[in-house]
1. Hey, can you tell me all the residues within the range 123-159 that are part of a loop (DSSP other than H, G, I, E, B) and in contact with a strand residue (DSSP E or B) (Cβ under 6 Å, 6 or more places away or on another chain)?
2. Please verify whether the range 39-50 includes one or more residues that are surrounded by 14 or more Cβ atoms within 10 Å (Cβ to Cβ) and within 23 Å of residue 110 (Cα to Cα).
3. May I ask you to say which residue of 150, 155, 124, 185 is closer than 30 Å to residue 216 by Cα and either without any contact (Cβ under 8 Å) to a residue 60 or more places away in the chain or assigned by TED's automatic domain parsing to the domain that holds residue 43 (or both)?
4. In the range 164-181, is there at least one residue being more than 15 Å from residue 138 (Cβ to Cβ), loosely packed, with under 12 Cβ neighbours inside 10 Å, in the same structural domain as residue 65 (by TED's automatic domain parsing) and free of Cβ contacts under 8 Å to residues at least 12 places away in the same chain?
5. Hey, among the residues in the range 101-121 that are without any contact (Cβ under 8 Å) to a residue 40 or more places away in the chain and exposed (fewer than 15 other Cβ atoms within 10 Å of the Cβ), which one's farthest from residue 19 (Cα to Cα)?
6. When the range 72-81 is examined, which residues are found to be touching an Asp or Glu at 6+ places or on another chain (Cβ under 9 Å) and either hydrophobic (A, V, I, L, M, F, W, C) or free of Cβ contacts under 8 Å to residues at least 24 places away in the same chain (or both)?
Amino acid sequence: MAVRVKRGIVPDDPRQWKPPQPRRPLLAGLGRLRKIAMLGGCATIQYAPWHDPTWELWAHASCRHLCKREPDLLFDLHPPALWKDPKKKWWDTSYYKWLQQAHVPIMMQEHYPDIPASIKYPFGRIITEFPRGYMTNTIAYMVALALQEGVTHIGIYGADYTGAAEYIAQRGCCEYWLGVAEGRGVQILLPPTCDLLNRPEKLYGYESHEGGKRDPSYALSIPGDLITKGSDGKPKPVHLCHDPNDPAYPPLRNIGVPPALDRRTSLPMYDVVKAFTAKE
């Protein structure tokens, strides 16, 4: 007897379990298109090409219940300490049990014996080709892998990076990787209500200063109050800029170029200006 399985729900009946399935064959090649829709949990996931089989669906595992078609590949690159503990994964307490019974291939940090469908993400190969290592979200890992596998079209659905503070911090990385992909000739598709690569939308200089006044869209704007909790539990303001030499902040990563402040102060003219202003 066939038993209907609801998407994203862990089945208790063994008749509903499916063995892990292999990855969809890579169709990239000379004269062929390879289109990959990358899915997150925001509202714009509704625009994903559910009914177009020419598009592969790559989804973050946390949005599996929102998918109207079974994804071809899932991603969860968090450490086991997060997804094994239901207290830490409190919004999805059955997640670990679901992982153990999942049949859709899922990219993870390792292949875990207790998760038969898990596939080790080729991080070593990825970081060799992209040594900058600017990866602060799952979309970055998806795009990097897609580029190595010959993608021609990338669509982003449900990953707008406009909401909570964590997403704001991750937005720049997403836009960076879309730029890397576009620079390699990949066509980027974004849903109509997503403002990635389009905020502010007015061209700087040509449209941004009508009447000699800067458009308000160029003012810094982050949803919510810029307040967080300190280690003592008391409210603490968030400082968006800081002195790179302040020991309270982590050191800048060495990318072979000195910080802008150091470059400015190393110029001969800096000493002249400093001496001149000291007299005032």
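The values are calculated or read from the model by the stated rules, or taken from the named source; none is laboratory data. On a predicted model such as this, the values are computed, not experimentally measured, just so you know. A quick note on method: Cβ atoms are made from the backbone with ideal geometry, for glycine too, and the neighbour counts reach across all protein chains shown.
1. Filtering the range 123-159 down to residues part of a loop (DSSP other than H, G, I, E, B) leaves 130-137, 149-152, 158-159.
Within the range 123-159, 151, 158 qualify.
2. yes
3. 155
4. Within the range 164-181, none of the residues are more than 15 Å from residue 138 (Cβ to Cβ), loosely packed, with under 12 Cβ neighbours inside 10 Å, in the same structural domain as residue 65 (by TED's automatic domain parsing) and free of Cβ contacts under 8 Å to residues at least 12 places away in the same chain.
5. The first filter runs over the range 101-121 and keeps only residues without any contact (Cβ under 8 Å) to a residue 40 or more places away in the chain, leaving 107-115, 118, 120.
Applying the additional criterion that residues be exposed (fewer than 15 other Cβ atoms within 10 Å of the Cβ) yields 109-111, 113-114, 120.
Working: 109: 21, 110: 19, 111: 16, 113: 14, 114: 13, 120: 18 Å.
By that ranking, first place goes to 109.
6. 73 - this is the single residue of the range 72-81 that is touching an Asp or Glu at 6+ places or on another chain (Cβ under 9 Å) and either hydrophobic (A, V, I, L, M, F, W, C) or free of Cβ contacts under 8 Å to residues at least 24 places away in the same chain (or both).
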